[in-house]
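Read through the structure below, which is laid out as structure tokens, and then see the notes.
Every number here is computed from the coordinates shown, using simple stated rules; none is lab data. Just so you know, these numbers come straight off a predicted model, no measurement behind them. Neighbour counts are summed over all protein chains in view; Cβ atoms, including those assigned to glycine, are modelled from backbone coordinates with ideal geometry.
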């Protein structure tokens, strides 16, 4: 598809661009950025006037759960992809905690085949570090990479055994595969339902102390340093983790980190009504943690914002709080919640796009995250002023488990384009 | 005055006036239980369901007697396992009960927040008879009723709550209630039994029994659950008893007219020595008697009764 996009505010952190420009797209690729571009002679070229709107490189969500295979009642690659497009994402990485776990070539290939059939968003499978994510035997990293896996994680479960994690880091680094660590010391967190603090004390719910995360972050940083390998810390939720990662970066350890929008938007006080849709692991923390997460985003300690999109059906959630499944959907709310950081002056818009597109693509070593000529025409068109309400009926994900239901948000992806093909469009509908 | 709320889920939500209304109503009901014919027709035609997901003798019997003395039809449902294990969700159980048109559902559940979930789903009044480590509002009300009856007031009473505060819904409900009524509350136990940031509830925290009960007007001893030894929150019952058993040895530190309370069931010789449990300071059985009156008062007020 060929396009000439006129008069948009182009933001591309990979080229330090934040300017009013035109973009010429031919054959699904970006050809040129500049002022007053003239249409090319290609057939079927369409013009698009986007004055007042932002055009950014397609958003990249490096941490989602698509639930297929095995939990299709929660989400499928199809419904998850539809939610991604509506949220402005053109690339998403999906975690391996499916059933079966993505610890073998056949599961990776299945996911890629389904994603190709759906063909709405670029789906990048993350394979398991250990077989069945049980933390014992390493999965076949090389074979998984050959099959199309782009990173490794036992997300949802930590690799508790330090020797296993050491070997995983060494082996993966030699294959240039990023390792994404879910940091949780289960001996401290086991049985917990929410953050340990005043709210858990009053609510009488078993607590998960912040140090359950901090201790594992510290261990993984030490392992990364010793093995001279890279590590990516998933869903950072505590002030302690931010401090440890900041220190590690200053000392030159190859660490990157992500957080999720709920960790800078909500606190454990939001569980006061026993709202199961706000139950998530790691749990929402206290206000000092939220402030530290924001500071970590601001000063670059936290490289990326990922949704940790974790769909659960009503039947998984409509039970007593302690028994309810953990996790919340996020693909369709991440951008607006991220824009909240821009509105409050914590990030510039360009920094936000960097954390939601350019950096995650770099960390995962995948294409995207850039509007450089020659890149695939993956674009997210954002209306910064658009006010909208998170509405049960409008959610495209198969599951509706979000604590932001009913909330008024500002800013939205109004069009998403993958390889020059429009995958979501509110502008012309 | 009437109680303008559908449910009793916790003491935290109650105002001081509401607590006083309940206590005054309970005081007026105490006499019924002393009559030759212990029954009044007040709740005739009303149905009360006791839905107990956790073992209980005292509380369930107390609710049942309370309902029966007011002529309500009371039904007891004991689910031996949690809803998850049983296969039917709490939501489905609740909807089935709702379809039978009871007036009040009393629920005890091992999961904190279960009564709140139920209250949001059904139109009937819900009384929380204990939810996990969260709240046990009727226990706190009967405790406050007992203190008020013996001491004439709650204001400025020095109350020590001793034991496994972290796992105690009785402690939490009493802290909320006693603080609202102007009492001073100290909690004590090994640090492993003191939940995080509890000082923010307005209590003093100490780790010695002697310090906690010094000059106390009221001492509430909590039951130690032996199975929690496996969680390493105390090394042994022997050591716990040596440090925290209320006995003749330490009780002189408290005021001369101190009240000794316990929500039961007691572990004799662990948190409380037999001579104290059965001795002159003990009001443990008054608590049980007052429990019936408090539950009568709540059933009456929630079904629209006027005080």
### Task
Report the antiparallel proportion of the DSSP beta bridges in segment B:110-255 as a percent, rounded to a multiple of 5.
10 percent
### Query
What percent does the relative contact order of segment B:213-307 come to when contacts are Cα pairs within less than 8 Å and at least six residues apart?
32 percent
### Task
Under 1.5 on a/c is rounded, so check that first for segment B:1-70, then, if it is not, pick prolate when a/b is larger than b/c and oblate when it is not; a ≥ b ≥ c are the square roots of the alpha carbon gyration tensor eigenvalues.
oblate
### Task
Express as a percent, rounded to the nearest 5, the fraction of DSSP beta bridges in the protein assembly as shown (both residues included) that run antiparallel.
35 percent
## Note on the structure
Final fewest-first order of B:148, B:295 on the 10 Å Cβ neighbour count is B:148, B:295
### Task
Find the relative contact order for chain A and round it to a whole percent, using C-alpha pairs within less than 8 Å whose residues are 6+ positions apart.
20 percent
### Task
Measure out, as a whole number of angstrom, how far apart the alpha-carbon centroids of segment A:158-218 and segment A:127-145 sit.
18 Å
### Summary
Cα-based Debye curve of segment B:189-262 sampled at q = 0.21, 0.28 Å⁻¹ gives log₁₀ I(q)/I(0) of -1.05, -1.38
### Query
Other chains' Cβ within 10 Å of A:319-331 residues: what's the mean?
4
### Task
At a temperature of 10 °C and a viscosity of 1.306 mPa s, determine how fast segment B:127-254 diffuses translationally according to Stokes-Einstein, using the Kirkwood radius over alpha-carbon pairs as Rh; express D in µm²/s, rounded to the nearest whole number.
107 µm²/s
### Query
Which Rg and Dmax, in Å, describe the Cα atoms of chain B?
19.0, 56
### Query
Taking Rh as the Kirkwood radius, which is the inverse of the mean 1/r over Cα pairs, what is the Rg/Rh value for segment B:61-168?
1.03
### Query
How big is the Rg/Rh ratio for segment A:211-282, C-alpha atoms only, Rh by Kirkwood, two decimals?
1.07
### Query
Using the 10 angstrom Cβ neighbour count as an exposure proxy, how do B:170, A:342 rank, fewest first?
A:342, B:170
### Task
Provide, as a two-decimal number, the C-alpha radius of gyration of segment A:37-161 over 2.2 N^0.38 Å, N being how many residues it has.
1.29
## Note on the structure
Scaled by the rule-of-thumb 2.2 N^0.38 Å, the alpha carbon Rg for segment B:204-307 gives a ratio of 1.28
### Query
In segment A:1-93, what is the volume of the convex hull around the alpha carbon atoms, normalised per residue and reported in Å³?
117 Å³
## Note on the structure
Distance in Å, no decimals, from the C-alpha centre of segment B:192-253 to the one of segment A:374-429 is 55 Å
### Query
If you average the sequence gap of Cα pairs under 8 Å that are 6 or more apart and divide by the length of segment A:84-130, what percent do you get for the contact order?
51 percent
## Note on the structure
Cα-based Debye curve of the protein assembly as shown sampled at q = 0.10 Å⁻¹ gives log₁₀ I(q)/I(0) of -0.99
### Query
Mind checking the mean number of beta-carbon atoms from other chains within 10 Å of the Cβ atoms in B:199-210?
1
## Note on the structure
Ranked output for segments A:231-239, A:213-221 by mean other Cβ atoms within 10 Å, highest leading, reads A:231-239, A:213-221
#### Entry: Gyration tensor over alpha-carbon atoms, segment A:115-242, equivalent ellipsoid semi-axes in Å
29, 19, 13
### Query
Quick one: B:100, B:193, fewest Cβ neighbours within 10 Å first, how do they rank?
B:100, B:193
### Summary
With Cα springs under 10 Å, the Gaussian network model of chain A assigns the largest mean-square fluctuation among A:95, A:417, A:160 to A:160
### Task
Report, as an integer, the average count of C-beta atoms from other chains found within 10 Å of each Cβ along B:6-14.
1
### Message
Quick check: the angle from helix B:284-302's long axis to the longest principal axis of chain B, C-alpha only, nearest 10 degrees?
### Response
30 degrees
### Folded to 0 to 90 degrees: helix A:239-250 orientation relative to chain A principal axis, Cα
70 degrees
### Query
For segment B:1-128, treating each Cα as an identical point scatterer without solvent, what Debye log10 I(q)/I(0) comes out at q = 0.15, 0.17 1/Å?
-0.77, -0.98
### Summary
DSSP beta bridges in chain A: the antiparallel percent, rounded to 5, is 50 percent
### Query
Taking the Cα atoms only, what angle lies between the long axis of helix B:169-180 and the longest principal axis of chain B, rounded to 10 degrees?
90 degrees
### Summary
note: chain A, Cα-Cα separations exceeding 31 Å make up a percent value of 36 percent
### Task
Quick one: check the C-alpha center-to-center distance for segment A:22-79 versus segment B:101-116, whole angstrom.
51 Å
### Task
Over segment A:294-429, consider all pairs of different Cα atoms and compute the Kirkwood hydrodynamic radius from their mean reciprocal separation; express it in Å, one decimal.
16.5 Å
### Summary
Along principal axes, largest first, the alpha-carbon spread of segment A:172-223 in whole Å comes out as 48, 16, 16
### Query
So what is the diffusion coefficient of segment A:200-351 in µm² per second by Stokes-Einstein at 10 °C and 1.306 mPa s, using a Kirkwood Rh over Cα pairs?
98 µm²/s
